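Okay, so here's the structure we're looking at.
The values are calculated or read from the model by the stated rules, or taken from the named source; none is laboratory data. Here the structure is a predicted model, which is why all the values come from computation and not from measurement. Cβ: placed from backbone, ideal geometry, glycine included. Neighbour counts: every protein chain shown. Side chains included, ligands, DNA and RNA excluded: accessible areas come from the protein's heavy atoms. Shrake-Rupley method; radii C 1.70, N 1.55, O 1.52, S 1.80 Å.
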Amino acid sequence: MPYDAILSETVTISGHNGDNLEAYLSRPLDATLRGGVVLIHHIPGYDRQTKEMARRFATEGYIALVPNLYHREAPGQSPDDAAATARNLGGVPDERLVGDVKGAADYIKNLSNSNQKVGVIGHCSGGRQTFLAACSLPLQAAVDCYGAFVVKSPPEGAPFTFTSLIHLTPQLSCPLLGLFGKEDSFPSPEEIEELDAELTRLGKEHEFHSYEGAGHAFFAADRPSYRPEAAVDGWGKIFTFFAKHLS
Amino acid sequence: MCTYRTEIIETKGSGKGTLAWTTVDEATVYFDHPVHAPFAHSINIDFRNTALTNGERIALELEPKSALKMAQTILQLLKDTPIEITELDNVIA
């Protein structure tokens, strides 16, 4: 019987500008060399659901690390309060996000059982930030789950500093898996088509799947947006993709 | 979908949080996914005392029809109350 154990714990990593950040690490406990996954939490924050995903990646054989992107503004606050504080302050600056993901990737690579391959995944706002990280850092795989504002900028008047990322597409450093809902408006099917075409034009390796009957946040198992068929199929595609690129 | 639409307004008033009453001098109002309410989207309001840095807020997540009814009720109350008391004119309910 194979040894079957994971360890999940809060650790401190060095993020953008060397800032100390809280992060959630989940990893298999054997000595086998493993690929790593930086899991970017969604706008609702560094929450229970995101930590559950990290543990799932660990049970599938990956070193998973979730940096708390709101740690600076809201140390010690509950995830929902921290998310509200961060929203009130305009969200996470793009430059800082890239630095924090780099810090998380470096932390993984410094672990004794890292195989030096690191992927990134995020949902919702984390999907956009996944694309941003994959265009800004040398990574081995990226999974964008319904990230909005990759192709289009936020609506007029929204007090957020970020813009679209389509101009960064030539810098995409790794294969990209995109999982989307056909009934989503942010991002819309038209935006996905545009991104797909741009990636194809630039010869960037990518694989997009858009699910019928699914809108935004179809992976969120405790929300009304959950769509089990899309979510189960999507999880399968994520693990197939990471097995190919992070092994 | 995540609308990201957020409005921040100054307020003068008080609210009661988990421990005690506090001044609320700012409200963040947004239409987006709720954390707790069992709907895909809601009107969310976070009342805050900006002098506090511990993230404490008085939070509401209202289903859109409830939020509309709340807004209409507030407007109606302000319209029906004499201007000498509200010091507001031209309230449209």
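At 10 °C and 1.306 mPa s, grab the translational diffusion coefficient of the stretch A:133-247 from Stokes-Einstein with a Kirkwood Rh over Cα pairs, rounded to a whole number in µm² per second.
Values: Rh = 14.8 Å.
Reported coefficient: 107 µm²/s.
Kindly sort A:Met1, A:Met53 by accessible area of their heavy atoms, largest first, with the probe set to 1.4 Å. Write down the numbers at each step before the final one.
Numbers: A:Met1 225, A:Met53 40 Å².
Descending order: A:Met1, A:Met53.
Largest first and in whole Å, the equivalent-ellipsoid semi-axes of the stretch A:1-69 read 22, 14, 9, each the square root of five times a Cα gyration tensor eigenvalue.
Restricting to DSSP loop positions (anything but H, G, I, E, B) with no more than 15 other Cβ atoms inside 10 Å of their own Cβ, which chymotrypsin sites (Phe, Trp or Tyr not before Pro) remain in the stretch A:190-247? Write out the running numbers ahead of the final one.
On the way: sites: A:Phe208, A:Tyr211, A:Phe218, A:Phe219, A:Tyr226, A:Trp235, A:Phe239, A:Phe241, A:Phe242; in loops: A:Phe218, A:Phe219, A:Tyr226.
Here the sparse-neighbourhood loop sites are A:Tyr226.
Protection proxy ranking for B:39-48, A:106-115, using the average of other Cβ atoms within 10 Å per residue and placing the highest first: B:39-48, A:106-115.
Suppose we keep just the DSSP beta bridges with both residues in chain A; what percent of those would be antiparallel, to 5?
35 percent
Counting Cβ atoms of other protein chains within 10 Å of each Cβ in B:5-11 and taking the mean gives 3.
Which value, in Å to one decimal place, does the Kirkwood hydrodynamic radius take for the protein assembly as shown when every pair of different Cα atoms is included? Could you put the intermediate results ahead of the total?
Numbers: mean 1/r = 0.0471 Å⁻¹.
Here the Kirkwood hydrodynamic radius works out to 21.2 Å.
Per residue, the convex hull spanned by the Cα atoms of chain B amounts to 125 cubic angstrom.
Positive end of the dipole of the stretch A:1-113 (Cβ unit charges, origin at the Cα centre): among A:Pro79, A:Gly91, A:Asn113, the Cα lying farthest that way belongs to A:Asn113.
Test of understanding: given chain A, find the longest segment containing no GluC sites (Glu not before Pro) that are in a DSSP loop and have at most 11 other Cβ atoms within 10 Å. Kindly include the intermediate steps, with their values, before the conclusion.
Details: sites that count: A:Glu156, A:Glu212.
Free of exposed loop sites, the longest segment is A:1-155.
Around the Cα centre of the protein assembly as shown, unit charges on the Cβ atoms of Lys, Arg, Asp and Glu (plus for the first two, minus for the last two) sum to a dipole of about 820 debye.
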